[in-house]
Amino acid sequence: MEKLIRFNALWVYLAASPLLGLTMTLVAYLVALQIYRRFRFHPCANPVLIAVVILIVALSITGTSYKTYFEGAQFVHFMLGPATVALALPLYKQWNNFRRAVLPLLLGLLAGSLTAMIVAVGLAYELGASREVMISMAPKSATTPIAMAIAERFGGQPSLTAVMVICTGIIGAVSAKFILNWLKIENHAVRGFALGVASHGIGTARALQISAEMGAFAGLGMGMNAILTALLAPVLFPIFLR
Amino acid sequence: MNLSSLAVLLVFQCLGEGVAHLLGVAIPGPVIGLLLLLVAFHVVPSLARMTEQTCWAILQHLSLLFLPAGVGVMAVLSRVREGYLAISVGLALSTMAAIAAGAWVTDRTMRWFDPESADEK
């Protein structure tokens, strides 16, 4: 018992500095990655999902708040910006393949983006969600900063949107393989693109693990949907909310 | 990972943030930075060769970077009291439908416009 109290005091001491949050994030990721490898990169063993569960359990057991955790984890979070910029490289490498397929990609983008918004809002409405939840949900297939900005502008709840964006990413990364196999779509470019449009960076991370081509098209889908969602939201929202 | 490549990425992120702010658009700075760097790669191809290794090193662990935001689920879930069903069903079905619709339309139109490339795997 005394040992437990000492451990607790030590934990409180360590948690006070950003070191602990940062270390926990890296260790949880490495554990999740090991599990993902053990399951031969099966989509259901998604490393984001597993690592997030490990971290939430660890924080709950030790009674550490999200705020305290994020003080350390923010250094990892910050790297999302440079990583998004780094997607320019796979896009550059696939440039000739994009040019050959501009029109199909634009039409696919429009189909994926509209489906994501309309089905989400429609289902939420049918199932009796509040207006605030509906607005927060609509932009969830776009990348986090853009989805949050849109939710905020139209009266949603940005923090709820951020969570929905992450869940959308994980759902897409886990389910894409089964849906695309069922549709008998084998082309890596098409598979990656649809995944990027529907589930942004987390889908792109999954696509990059399969092949560089799939990752590049996913990055392209993510970037294009970020822009399209920003353009479509002001047009669609007044229709949704009537 | 090499330091000058990391500097290139940060410089382009700064440029992107700057442009987003100046134009007052809702498009995130890093996405504009991505587009600017893509243009720069075409203008100066040696820049792509220089940054290649670092870009892959970062992208290889893209999943890691989503963890802090993912753990945020914890902070929000305790506040959402109702609408669990609407939220989870809405998120799951709309995401799966979007993947199916996006892939189906891209695949069919690709076959229509360029049958040769559509059959590549």
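For segment A:45-134, what is the Kirkwood estimate of the hydrodynamic radius, computed as the reciprocal of the mean inverse distance between distinct Cα atoms, to one decimal in Å? Write out the running numbers ahead of the final one.
Numbers: mean 1/r = 0.0566 Å⁻¹.
After inverting the pairwise mean of 1/r, the radius is 17.7 Å.
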Estimated FRET transfer efficiency when R0 is 45 angstrom, pair A:Leu30-A:Glu186 (beta carbons, to 0.05): 0.90
Principal axis box of chain B, alpha-carbon based, largest edge first, Å: 52, 45, 32
HN-Hα J in Hz across segment A:73-88 - Karplus 6.51, -1.76, 1.60, θ = phi - 60°, x for Gly and Pro: 5, 4, 5, 6, 4, 4, 5, 4, x, x, 5, 4, 4, 4, 5, 4
Intensity falloff of segment A:176-242 expressed as log10 I(q)/I(0), Debye formula with alpha-carbon point scatterers, at q = 0.17, 0.25, 0.28 Å⁻¹: -0.59, -0.92, -1.06
Loop-resident sites, segment A:148-224, for trypsin sites (Lys or Arg not before Pro), counting at most 14 other Cβ within 10 Å (DSSP): A:Lys184
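For B:Ser78 and A:Cys44, what does the FRET efficiency come to when R0 = 22 Å and r is the distance between their Cβ atoms, rounded to the nearest 0.05? Working shown, then result.
On the way: r = 26 Å, r/R0 = 1.20.
Once rounded, the FRET efficiency stands at 0.25.
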Angle between chain A longest axis and helix A:18-38 axis [Cα atoms, degrees, rounded to 10]: 60 degrees
Cα→Cβ-extended label distance, 7 Å offset, between A:Phe75 and A:Glu126, nm: 4.8 nm
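Where the only charges are on Cβ atoms (+1 Lys, Arg; -1 Asp, Glu), what is the dipole of the protein assembly as shown about its Cα centre, to the nearest 20 debye?
420 debye
Would you mind computing Rg(Cα) / (2.2 N^0.38 Å) for the protein assembly as shown, counting N as its residues?
Dividing the Cα radius of gyration by 2.2 N^0.38 Å gives 0.98.
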Euclidean distance of C-alpha centroids, segment A:150-191 and segment A:85-114, integer Å: 17 Å
Two-site label geometry, B:Val89 and B:Ser4: point separation in nm, points 7 Å out along Cα→Cβ: 5.8 nm
Most fluctuating residue given options A:Val133, A:Val53, A:Val12, as computed from a GNM of chain A linking Cα atoms under 10 Å: A:Val12
Simple spin-label estimate for B:Ser46 and A:Glu152 in nanometres, 7 Å along Cα-Cβ: 4.2 nm
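Would you mind giving the mean number of other chain beta-carbons within 10 Å of the Cβ of each residue in B:51-59, as a whole number? It would help to have the intermediate numbers written out before the result.
On the way: counts 5, 4, 1, 3, 10, 6, 1, 9, 13.
Partner Cβ neighbours, averaged per residue: 6.
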Helix-only [θ]222 nm of the protein assembly as shown, DSSP H runs n ≥ 4, -39500 (n - 2.57) each, per residue, nearest 500: -27000 deg cm²/dmol
Neighbour cut-off at most 15 other Cβ (10 Å), DSSP loop, trypsin sites (Lys or Arg not before Pro), segment B:1-99: B:Arg79, B:Arg81
Choice from B:Leu36, B:Leu65, B:Leu23 with maximal GNM fluctuation in chain B (Cα, 10 Å cutoff): B:Leu23
Segment A:12-77 and segment B:1-35: distance between their alpha carbon centers, rounded to Å: 27 Å
Additional length obtainable on full extension of the chain from A:Leu10 to A:Phe178, 0.36 nm per residue less Cα span: 55.9 nm
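Bear in mind that the values in this text are calculations on the coordinates, not laboratory data. Note that this is a predicted model, so its numbers are computed, not measured. Positions of Cβ are backbone-derived with ideal geometry, glycine not excepted, and every protein chain shown enters the neighbour counts.
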